[in-house]
Amino acid sequence: DAKTTQPPSMDCAEGRAANLPCNHSTISGNEYVYWYRQIHSQGPQYIIHGLKNNETNEMASLIITEDRKSSTLILPHATLRDTAVYYCIVRAGQIIFGKGTRLHILP
Amino acid sequence: DAGVIQSPRHEVTEMGQEVTLRCKLISGHNSLFWYRQTMMRGLELLIYFNNNVPIDDSGMPEDRFSAKMPNASFSTLKIQPSEPRDSAVYFCASSRSGTGIYTQYFGPGTRLTVL
């Protein structure tokens, strides 16, 4: 399984775009990139996933580089409710969570 | 649509007692995962089932832990006897397998405190 590297924490001003990076240089061809988040005292919440192409849904956008060695999760207009730990996971089989990035949205 | 349902939401028990945690899958899902989360160890996968069959229980800490799926929509995680180090938040998650994509939907968790 590919390992992922994420910054332990990030700050973002409310209303601005939050860009969360993830490095996964050892990713293999059949491994998807998943993003989850965990708001305090809640269960993890699925956000988005992708294989090669960029993806967008109602929550976020996922940008995967052409060599697939890194990706960025974009929250286009961050709100205080987006304060959470964000997990980047690269996995062909079952999902294993690392330490994630703790995102603080500043008012 | 109802999400994953877990009960109880909070459990406080004394060391040595039996604890049973319950989970109801999302309708139509056929994979079930049990996780444990602590500050020290983060979110750990304990066991997962596919179509009611345990596939990987390598994360189960020891024989005091057991998990079952008596039917396709319901699972239990039992700890007997419980110990203070079992104190954690226990999550279950469900997904629809078979497509190669394992998007999991988590329940709200059960916060277990063993005194």
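Every read-out reported here was derived from the displayed coordinates using simple, explicitly stated rules and does not represent laboratory data. Just so it is clear, the structure is predicted and the values come from calculations on it, not from any experiment. Don't worry about glycine lacking a Cβ; one is built from the backbone with ideal geometry, like all the others, and counts go over all protein chains shown.
Find the all-direction average of the projected area of the Cα convex hull for chain A, expressing the result in square nanometres with one decimal place.
Reported value for the Cα convex hull: 6.1 nm².
Averaged over B:103-112, how many beta carbons belonging to a partner chain fall within 10 Å of each residue's beta carbon?
4
Short version: ³J(HN,Hα) in whole Hz for each residue of region B:74-84, in order, from phi by Karplus 6.51 cos²θ - 1.76 cosθ + 1.60 (θ = phi - 60°), x for Gly and Pro, what are they?
Using θ = phi - 60°, the values come out as 9, 9, 10, 10, 10, 10, 8, x, 7, 10, x Hz.
DSSP loop GluC sites (Glu not before Pro) in region A:30-107 with at most 11 other Cβ atoms within 10 Å of their Cβ, which ones?
Sparse-neighbourhood loop GluC sites (Glu not before Pro): A:Glu58, A:Glu66.
Given N residues in region B:13-71, what is its alpha carbon radius of gyration divided by 2.2 N^0.38 Å?
1.22
If R₀ is 25 angstrom, what is the calculated FRET efficiency for the pair A:Ser25 and B:Arg41, using the beta carbon separation as r and rounding to 0.05?
0.45
At q = 0.09 Å⁻¹, what is the base-10 log of I(q)/I(0) for the protein assembly as shown according to the Debye formula with one equal point scatterer per Cα and no solvent? Please give it to two decimals.
So the normalised log intensities are -0.38.
Using only alpha carbon pairs under 8 Å that are at least six residues apart, calculate the relative contact order of chain B and give it in whole percent.
37 percent
Could you tell me the relative contact order of region B:39-93? Use alpha-carbon pairs under 8 Å, at least six residues apart, and round to a whole percent.
22 percent
For chain A, list the cysteines whose Cβ sits under 4.7 Å from no other cysteine Cβ?
A:Cys12
What is the sum of charges, Lys and Arg at +1 and Asp and Glu at -1, for the other residues whose Cβ falls under 14 Å from the Cβ of A:Ile39?
+2
Counting partner chain Cβ atoms within 10 Å of every residue's Cβ in A:94-106, what's the average?
Counting Cβ atoms of other protein chains within 10 Å of each residue's Cβ and averaging gives 3.
Pairs to check: A:Lys52/A:Lys99; A:Lys69/B:Lys78; A:Lys69/B:Lys24. Give those whose C-alpha atoms are more than 32 Å from each other in this structure.
A:Lys69/B:Lys78; A:Lys69/B:Lys24
Would you be so kind as to identify which of B:Val19, B:Tyr35, A:Met59 lies farthest towards the positive end of the dipole of the protein assembly as shown, taking Lys and Arg as +1 and Asp and Glu as -1 on Cβ and the Cα centre as origin?
A:Met59
Across the Cα atoms of region B:43-115, what radius of gyration and what greatest pairwise Cα-Cα distance (Dmax) are found, in Å?
When restricted to Cα atoms, region B:43-115 yields Rg and Dmax of 13.0, 43 Å.
Given H placed on each backbone N at 1.01 Å, which residues far from B:Gln104 in sequence or on other chains put an amide H within less than 5 Å of it?
Placed amide hydrogens put nothing under 5 Å from B:Gln104.
In whole percent, what relative contact order does region A:62-101 give with Cα contacts below 8 Å and a gap of six or more residues?
Result for region A:62-101 is 26 percent.
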